[in-house]
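Participant: Here it is, the structure in full.
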Amino acid sequence: AQRVTQPEKLLSVFKGAPVELKCNYSYSGSPELFWYVQYSRQRLQLLLRHISRESIKGFTADLNKGETSFHLKKPFAQEEDSAMYYCALSGRLSSNTGKLIFGQGTTLQVKP
Amino acid sequence: GAVVSQHPSRVICKSGTSVKIECRSLDFQATTMFWYRQFPKQSLMLMATSNEGSKATYEQGVEKDKFLINHASLTLSTLTVTSAHPEDSSFYICSARRTENTEAFFGQGTRLTVV
């Protein structure tokens, strides 16, 4: 079964603290993993994808195939990072790319 | 990034009526558009994949006669909720991508309330 699991509904940290938003997946094949972010009253937007291996706004995520995880990390959280974060998965087959399976989402709250 | 626009942003309709939601890619041609549904405080659930000029592919459990999808052009897909009922009240979100293996961009969503 294809599934994305984000175990934490809410993660609350203080400004400057490290952040790790957890994501585990289940997929029979070779998936592509993404993190999307939704700031208050804004649309969903792509934060990063595992194949590009970039760091966006200080966030990084490494695909761990052994643990089937794609945790999102940032060493020092900022207040403007407060948002809803969704982990998502897409198949590598052309018929499945762009078709995203989302996790439940984690609200990140960064306190001053 | 590319812009995807949904219209309307909010709609209230009476039970039994139909309502149409538009999804437009404003500055690019979208070969594929996707329709998602989001319940309060829950994740996005893919409803269907819409390819220009062909029939939409619906996910398991989604009624195709209930949720009519038309992708008439490379910049427009529509979702029509037919004979709406209060349980159809939800947040509907579309996304669009240019080609395979390119990023999908999301619309701002449409809040549907059926009374």
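What follows is calculated from the coordinates using simple rules that are stated; it is not laboratory data. As the structure is a computational prediction, the values presented were derived from the model and not from experiment. Methodologically, a virtual Cβ is constructed for each residue, glycine included, from the backbone with ideal geometry; neighbour enumeration extends over all protein chains shown.
Participant: Within the stretch A:64-78, is there a residue that is outside any strand (DSSP E or B), of a type in the set (S, T, N, Q) and within 14 Å of another protein chain (Cβ to nearest Cβ)? Quick ask: steps written out before the conclusion?
Facilitator: Looking only at the stretch A:64-78, we keep the residues that are outside any strand (DSSP E or B), and these are A:65-68, A:70-71, A:75-78.
So of that shortlist, the ones also of a type in the set (S, T, N, Q) come out as A:68, A:78.
Those still in the list that are within 14 Å of another protein chain (Cβ to nearest Cβ) too: none.
Within the stretch A:64-78, none of the residues are outside any strand (DSSP E or B), of a type in the set (S, T, N, Q) and within 14 Å of another protein chain (Cβ to nearest Cβ).
Participant: Sort out which residues of the stretch A:21-35 are more than 16 Å from residue A:74 (Cβ to Cβ) and of a type outside the set (Phe, Trp, Tyr), and write them in order of number.
Facilitator: Residues of the stretch A:21-35 that are more than 16 Å from residue A:74 (Cβ to Cβ), as a first pass: A:24-34.
Those that are more than 16 Å from residue A:74 (Cβ to Cβ) and of a type outside the set (Phe, Trp, Tyr): A:24, A:26, A:28, A:29, A:30, A:31, A:32, A:33.
Participant: Which residue, of B:24, B:98, is surrounded by 16 or more Cβ atoms within 10 Å (Cβ to Cβ), within 22 Å of residue A:88 (Cα to Cα) and charged (D, E, K, R)? If you could, list the steps in order and put the result at the bottom.
Facilitator: On the way: B:24 fails: within 22 Å of residue A:88 (Cα to Cα).
So the residue among B:24, B:98 that is surrounded by 16 or more Cβ atoms within 10 Å (Cβ to Cβ), within 22 Å of residue A:88 (Cα to Cα) and charged (D, E, K, R) is B:98.
Participant: Working carefully through the options A:89, A:21, A:33, find the one that is buried (at least 19 other Cβ atoms within 10 Å of the Cβ), touching a residue at least 24 places away in the same chain (Cβ under 8 Å) and within 13 Å of another protein chain (Cβ to nearest Cβ).
Facilitator: A:89
Participant: With respect to residue B:43, is the statement that it is touching a Gly at 6+ places or on another chain (Cβ under 8 Å) and either within 14 Å of another protein chain (Cβ to nearest Cβ) or of a type outside the set (D, E, K, R) (or both) true?
Facilitator: For residue B:43, the condition - touching a Gly at 6+ places or on another chain (Cβ under 8 Å) and either within 14 Å of another protein chain (Cβ to nearest Cβ) or of a type outside the set (D, E, K, R) (or both) - is met.
Participant: Can you find a residue in the stretch A:62-73 that is touching a Leu at 6+ places or on another chain (Cβ under 8 Å) and closer than 16 Å to residue B:97 by Cα?
Facilitator: No, the stretch A:62-73 has no match at all.
Participant: Looking only at the stretch B:11-34, decide whether some residue is of a type in the set (D, E, K, R), farther than 28 Å from residue A:84 by Cα and within 14 Å of chain A (Cβ to nearest Cβ).
Facilitator: no
Participant: Let me ask you something else. Taking strands (runs of 3 or more DSSP E) that fall entirely within the stretch B:1-50, which contain at least 1 residues that are under 11 Å from the mean Cα position of the chain (by Cα)?
Facilitator: Counting at least 1 such residues, we get B:4-7, B:19-25, B:32-38.
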